[in-house]
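Please read the structure below before turning to the comments.
A short reminder: the numbers here are calculations on the coordinates, not readings from a lab. In this text, all values refer to a predicted model and were calculated from it rather than measured experimentally. Here the Cβ positions follow ideal geometry from the backbone for every residue, glycine too, while neighbour counts run over all protein chains shown.
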Amino acid sequence: MINNRVFSIQKSEVPTVADLPEVIQGLVKHELLRWNVSKVSEETLTVEATTYDGELLPFDTHVINQYYPGRSAVVSIIPTGVGCDIGGYAGDAAPVTNLLAAAADYLITNPNAVNASNFINLDSNVIYTEGSLIDMLCMGQINLHLPYTNRVGLIIEESSAKNLDVVFNIINTVRAVHGVNIQDYVITEGRIGSRCVRNESGAFVGTIDNPDVLFRACEQLLAKGVNAIGVTTNVQDLPPDAYVDHFAGRCPNPVGGVEAVISHLITRTYHVPAAHAPFINLKQLDLEQSIVDARGAGEMASASGLACVLIGLRQSPQIRSHPSSRIADVLNINNISAVVAPASCLGGIPVLYALKHNIPIIAVRENQTILDVTSANLHLESVIEVANYAEAAGILLALRKGINLETIRRPLVTLRHDTEDVTFSDLLTPKKAQELVLVAANS
């Protein structure tokens, strides 16, 4: 059984923000598929979580003491279902993703940031990675093994012959045009029953009626030697009014939440990369305009959401190396040079664990969401706030070159040997430097 829960935590119960993940883990009795802080008040933190009553395959150990030097990786988080102005629609975060990727050896991002049905635009150093694997990466629990290619298996929920024709034309297209190795497929006997759910915060999540149907299909594919799994289902309970708002540019993509639940469940159960796509894109709507908002146009222009998922899974990272797979590179938490996220949703696992491991956090104000979980109301003093992704890319370049950010801003504090009551270490503290700048400006 999959459940979506909302609960409150008293701030007094959390010694520091870095301790919050452990507090949440201790409160939830069932397996956690995903969670995030959705609201912050003066006294409480509201957490939205998706839990699973069954058992998930545990990870062996932490990899904090394992090092793979020479490569820098940036994690870019575009949270699913929370109305991101950039990335909340259909692959509209691809330009900023590729921009950030230009400032690092690798850019790690979640599928829904770049998925756009028939369209997907990934530079060669962008790593298409399921959200729970990003969580585990930032927690220091896994290595990411980057393959030359994967053997992709596809789970297709039972449907009409007409719909299956659409899916198999897409399968053959990505094989012929993109060279994806689709090793096998399973058409389920019965419905998986994926459903859209909306939380109290307005964020879209989801649930599954029959996870056993999904598990049986996964096990059939794994027995045939696949090492990455795509899933396409008919998502139910999609709210037509929300979809009308979505195509008008006023609402997050309603389907993203249930897609994340499905891929999280597969990845955490079988330790293979996974991604979900809607079977047939919803189009029979009373739209305000026949030409939809540009950010969602990829969805409107495509019959199904499947193509981008199959293309993305072609080189999606493995959790561990396999004797039959050739690995091009390996990354873990020690390679992460920064985490980039929208400034209003900093309550997720990657950001909070980056804080714990002293990894720089870059918060982008322009990518607004329906949440208000900011560095100010979480009291995160170390967050680097920027106006937009162009500025974030500049910060990443500075971090990569080892340039102190204070030295590229003005005014620049002058160090003097005769300065009273201020030590050299004080001047190196950003907060103290900012105070000195304000004093100088007002004197």
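Cross-chain or 8 or more residues apart, Cα under 20 Å: how many lysine pairs in the chain fit that? Count them up, please.
Taking the chain as the scope, the lysine pair count is 4.
With the contact rule set at Cα under 8 Å and sequence spacing of 6 or more, what percent relative contact order holds for the chain?
The normalised contact order for the chain reaches 22 percent.
Would you mind checking the tilt of helix 211-223 against the longest principal axis of the Cα atoms of the chain, expressed as 0 to 90 degrees and rounded to 10?
In the chain, helix 211-223 runs at an angle near 90 degrees to the longest axis.
Per residue of the chain, what 222 nm ellipticity follows from adding -39500 (n - 2.57) for every DSSP H run with n ≥ 4, rounded to the nearest 500?
Calculated from helices alone, the mean residue ellipticity at 222 nm is -8500 deg cm²/dmol.
Report the label-to-label distance for Ala387 and Asn210 in nanometres (one decimal), using points 7 Å from each Cα along the Cα→Cβ vector.
5.4 nm
Please work out the ratio of the alpha-carbon Rg of the chain to 2.2 N^0.38 Å and round it to two decimals.
With N residues counted in the chain, Rg over 2.2 N^0.38 Å equals 1.00.
Please get the size of the charge dipole for the chain, origin at its Cα centre, with Cβ charges of +1 on Lys and Arg and -1 on Asp and Glu, quoted in debye to the nearest 20.
Details: 30 positive and 45 negative charges, 226 e Å.
Using Cβ point charges on Lys, Arg, Asp and Glu, the chain gives about 1080 debye.
Relative contact order (percent) for the range 89-247, with alpha-carbon contacts under 8 angstrom and 6 or more residues of separation?
About 21 percent, as a whole number.
Please arrange Val152, Val96 by how many other C-beta atoms lie within 10 Å of their C-beta, fewest to most.
Placing the least packed residue first, the sequence is Val96, Val152.
Which of the peptides 87-93, 209-215 is most tightly packed, and how do the rest follow, judged by the mean count of other Cβ atoms within 10 Å per residue?
In decreasing order of mean packing, 87-93, 209-215 become 87-93, 209-215.
Under a GNM of the chain (C-alpha, springs under 10 Å), which listed residue has the highest mean-square fluctuation: Gly402, Gly312, Gly257?
Of the options given, Gly402 has the highest mean-square fluctuation.
What percent does the relative contact order of the range 15-122 come to when contacts are Cα pairs within less than 8 Å and at least six residues apart?
Reported relative contact order: 19 percent.
Pick out, in residue order, every one of the trypsin sites (Lys or Arg not before Pro) in the range 362-404 that is DSSP loop and has at most 16 other C-beta atoms within 10 Å; say none if there are none. Walk me through the numbers before you get to the answer.
Details: sites: Arg365, Arg400, Lys401; in loops: Arg365.
Loop-located and lightly packed - Arg365.
Which residue, Ser302, Leu222, Ser12, has the largest displacement toward the positive end of the dipole of the chain when charges sit on each Cβ (Lys, Arg +1; Asp, Glu -1)?
Leu222
Using alpha-carbon positions, what is the distance between the centroids of the range 1-58 and the range 263-307, in Å?
Each part's Cα centre sits 28 Å from the other's.
Quick one: angle between helix 256-270 and the longest Cα principal axis of the chain, in degrees between 0 and 90, rounded to 10, please.
80 degrees
Taking neighbour Cβ counts within 10 Å as the exposure measure, how do Thr369, Thr51 sort from fewest upward?
Result, fewest neighbours first: Thr51, Thr369.
Assuming a ≥ b ≥ c are the square roots of the Cα gyration tensor eigenvalues, decide whether the range 27-73 counts as rounded (a/c under 1.5), prolate (otherwise, with a/b larger than b/c) or oblate.
oblate
For the range 100-250, what class follows from the C-alpha gyration tensor (a ≥ b ≥ c being the square roots of its eigenvalues): rounded when a/c is under 1.5, otherwise prolate if a/b is larger than b/c, else oblate?
rounded
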